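Peer 1: Could you have a look at this structure, given as structure tokens, before my questions?
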Amino acid sequence: MTRILIVDDHEVVRRGLRHILADGLPGCAVEEAGTVAEGRAAIERSAPDLVLLDIHLPGASGLDLLAEARTRWARLPFLMLSAYPEQEFAVRCLRLGAAGYLTKESAADELVAAVRKALAGGKYVTASLAERLAGALGGAPQAPHEALSSRELEVLRLVASGRSQKEIAVELGLSEKTIATYRARIAGKLGVSTNVELTRYALHHKLVE
């Protein structure tokens, strides 16, 4: 029996994914987790065959769990399923060892196809993502935001989307002091100082719409 773990902090999303998997992969067993800590415990307890992992989770990021998996569960495929557009995090996820990257706007049959490919040991990559990977591997110059950590990139997006420091802290499950520290690091790495400049940078590089 195929065992799949869904790690997402929204119950309605987990429920929808469960139905899609039940229809596309009859007989598979699905377990759910809402945080990185719960996901880590479920992996140790149930030894799933594949993990469907969201990036945006309270507290630790899904990318933290993906990075941890490279040493703890090297043979376990992680398929990233995120609300973030492909151009923002997909290459970063694949570099960390993900078996593929899908946005939550993907069709149900695309999700099932990606799961099947990952379970078979393959990588699920869209045509547009393949082009981005080719550019990255070809040694193309990196933009300053490529040096940001995954959490810093999340904070940058939220700042550029108009969220206040308090709102970002609540959304990410972190303290306001921690968010302030992240923001200062981001500003230093990008060579800007104000939120207006951060937003302008994010818009220019299409990190937010």
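The values are calculated or read from the model by the stated rules, or taken from the named source; none is laboratory data. Model, not experiment: these values are computed from the prediction. A quick note on method: Cβ atoms are made from the backbone with ideal geometry, for glycine too, and the neighbour counts reach across all protein chains shown. Calculation scope for accessible area: heavy atoms of the full protein, side chains included, ligands and nucleic acids excluded. Shrake-Rupley method; radii C 1.70, N 1.55, O 1.52, S 1.80 Å.
Peer 1: Once every Cα of the stretch 55-113 carries one equal point scatterer and solvent is ignored, give the base-10 log of I(q)/I(0) from the Debye formula at q = 0.17, 0.21, 0.30 Å⁻¹, two decimals.
Peer 2: One equal scatterer on each Cα of the stretch 55-113 leads to -0.55, -0.81, -1.30.
Peer 1: Rounded to two decimals, what is the ratio between the C-alpha radius of gyration of the stretch 26-97 and 2.2 N^0.38 Å?
Peer 2: Taking the Cα Rg and dividing by 2.2 N^0.38 Å, one obtains 1.07.
Peer 1: Can you tell me the FRET efficiency between Glu38 and Ser161 if r is taken as the Cβ-Cβ distance and R0 is 30 Å, rounded to the nearest 0.05?
Peer 2: The pair Glu38/Ser161 has a calculated efficiency of 0.65.
Peer 1: Check the straight Cα-Cα distances from Lys189 and name the lysines below 25 Å, setting aside those fewer than 8 residues away within the same chain.
Peer 2: Once the sequence-local lysines are set aside, what remains near Lys189 is Lys166, Lys177, Lys206.
Peer 1: What figure, in Å² to the nearest 10, do you get for the accessible area of His205 with a 1.4 Å probe and non-protein molecules left out?
Peer 2: Roughly 60 Å² of His205 is accessible to a 1.4 Å probe.
Peer 1: While we're on this one: Given a 1.4 Å probe and every protein chain left where it sits, what share in percent of the accessible area of the chain is carbon and sulfur?
Peer 2: Its accessible area is 53 percent carbon and sulfur atoms.
Peer 1: Near the amide H of Leu81, under 5 Å away, which other amide H atoms are found, from residues 5 or more places off or on another chain, if H is placed in the peptide plane?
Peer 2: Answer set, sorted by chain and number: Leu53, Asp54, Ile55, Leu102.
Peer 1: Using Cα atoms only, what is the angle between the long axis of helix 36-46 and the major principal axis of the chain, expressed in degrees (0 to 90) to the nearest 10?
Peer 2: Tilt of helix 36-46: around 20 degrees.
Peer 1: For Lys117, which lysines qualify as cross-link partners when the Cα separation must be under 29 Å and same-chain residues fewer than eight apart are set aside?
Peer 2: Lys104
Peer 1: Using only the alpha carbons, work out the radius of gyration and Dmax of the chain in angstrom.
Peer 2: When restricted to the Cα atoms of the chain, Rg and Dmax are 17.3, 54 Å.
Peer 1: For the stretch 1-50, what is the largest minus smallest coordinate of the Cα atoms on each principal axis, given in angstrom and ordered from greatest to least?
Peer 2: In descending order, the Cα extents are 28, 24, 10 Å.
Peer 1: Taking only Cα atoms, what is the 0 to 90° angle, nearest 10, from helix 127-137's long axis to the longest principal axis of the chain?
Peer 2: Between the helix axis and the principal axis of the chain, the angle is about 60 degrees.
Peer 1: What nm value, rounded to one decimal, do you get for the distance between Thr2 and Glu110 when each label is placed 7 Å out toward the C-beta?
Peer 2: My value for the distance between the label points is 1.9 nm.
Peer 1: Can you list the residues, at least 5 places off or on another chain, whose amide H is less than 5 Å from the amide H of Glu31, using H built in the peptide plane?
Peer 2: Ile4, Leu5, Ile6
Peer 1: On to the next question. So what are the ³J(HN,Hα) numbers for the stretch 190-203, from phi and the Karplus equation (6.51, -1.76, 1.60; θ = phi - 60°), rounded to whole Hz, Gly and Pro as x?
Peer 2: 8, x, 10, 10, 9, 5, 4, 5, 4, 5, 4, 4, 4, 5
Peer 1: Moving on to the next point. For Val91, Val125, what's the largest-to-smallest order of accessible area, 1.4 Å probe?
Peer 2: Most to least solvent-accessible, the answer reads Val125, Val91.
Peer 1: Express the accessible area of the chain per residue in Å², computed with a 1.4 Å probe while the remaining protein chains stay in the model. Mind dumping the intermediate values first?
Peer 2: Details: 10340 Å² over 209 residues.
Value returned for the chain: 49 Å² of accessible area per residue.
Peer 1: Among 114-120, 7-13, how do they line up from the highest to the lowest mean number of other beta-carbon atoms within 10 Å?
Peer 2: Those peptides, ordered most packed to least, come out 114-120, 7-13.
Peer 1: Want the number for Ala47 to Ser128: 0.36 nm per residue separation, take away the alpha-carbon distance, what's left?
Peer 2: Values: separation 81, 0.36 × 81 = 29.16 nm, distance 3.25 nm.
Extra length available between Ala47 and Ser128 comes to 25.9 nm.
Peer 1: What nm value, rounded to one decimal, do you get for the distance between Ala184 and Glu197 when each label is placed 7 Å out toward the C-beta?
Peer 2: Distance between the two pseudo-spin positions: 1.6 nm.
Peer 1: What number, rounded to the nearest 500 deg cm²/dmol, is the helix-based mean residue ellipticity at 222 nm of the chain, given -39500 (n - 2.57) per DSSP H run of at least four residues and division by all its residues?
Peer 2: Details: 10 runs with 113 residues, N = 209.
Taken over the chain, the calculation gives -16500 deg cm²/dmol.
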